[in-house]
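First comes the structure, then the notes that go with it.
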Amino acid sequence: MEANRLEVAATAAVTESLAERLAFLDREVARSEGLIHSHIDTHPGLRAQRDLLVSIPGIGATTAAKILGEIMDVKLYESARQLAAFAGLAPRLHESGSSVKEEGEAVEGGCAAAAEGALLPGHLGEHNPYIKELGERLRRRGKCPMQVIGAAMRKLIHIAYGVLKSGRPFDPEIKTA
């Protein structure tokens, strides 16, 4: 919001004040990120889980930290489907009384917003050829962009679950359904 205000600042004094606020906020974000990464580095269990997650193409240290912060412990989930539902990535049908069932969509709630930000850095599949292939296949089938993004997020959650549950780094030779 401050960056938007800076773009339309009317006076030099306001511009200077907003620039100082932005610099402060940038420093605070960097400090917070440093604390998060430091905490993960000093906690052997979290460090091991982070290392497993960053073995997945397209997931870096910041994304791994976001995932770990959201899901808490992978042992809380009996399946990848359950984790995807928690993340707000489980499709559901529109049903209300006698209305006609409509096409599924992702449920609201859970950590869908965080999953979208955490699991899709940059462009869809830019860093992960498996997700890119999935996206291209779904586009050819006529799926809308939001369906493709939802499917990509769900796929990455499934891959992350498998890596964390097995305790083994991502292996491209293992076929993911």
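Ranked from largest to smallest solvent-accessible area, with a 1.4 Å probe on the protein heavy atoms, ARG140, ARG5, ARG168 come out as ARG140, ARG168, ARG5. Taking all protein chains as they are arranged and a probe of 1.4 Å, the heavy atoms of SER38 leave approximately 60 Å² accessible to solvent. Kindly flag which residue pairs out of LYS66/LYS165; LYS75/LYS143; LYS75/LYS155 have an alpha-carbon separation exceeding 24 Å in this structure. Result: LYS75/LYS143 exceed 24 Å.
Protein-only accessible surface at a 1.4 angstrom probe places the residues ARG31, ARG141, ARG47 in the order ARG141, ARG31, ARG47, largest first. The listed residues GLU28, GLU16, GLU78, GLU133, once ranked by accessible area (1.4 Å probe) with the largest placed first, stand as GLU78, GLU16, GLU133, GLU28. Subtracting the Cα-Cα distance of ASP171 and GLU70 from 0.36 nm times their residue separation leaves 34.0 nm of extension gain.
The values are calculated or read from the model by the stated rules, or taken from the named source; none is laboratory data. Bear in mind that the values here come from a model prediction, so they are computed numbers and not experimental data. Calculation scope for accessible area: heavy atoms of the full protein, side chains included, ligands and nucleic acids excluded. Shrake-Rupley method; radii C 1.70, N 1.55, O 1.52, S 1.80 Å.
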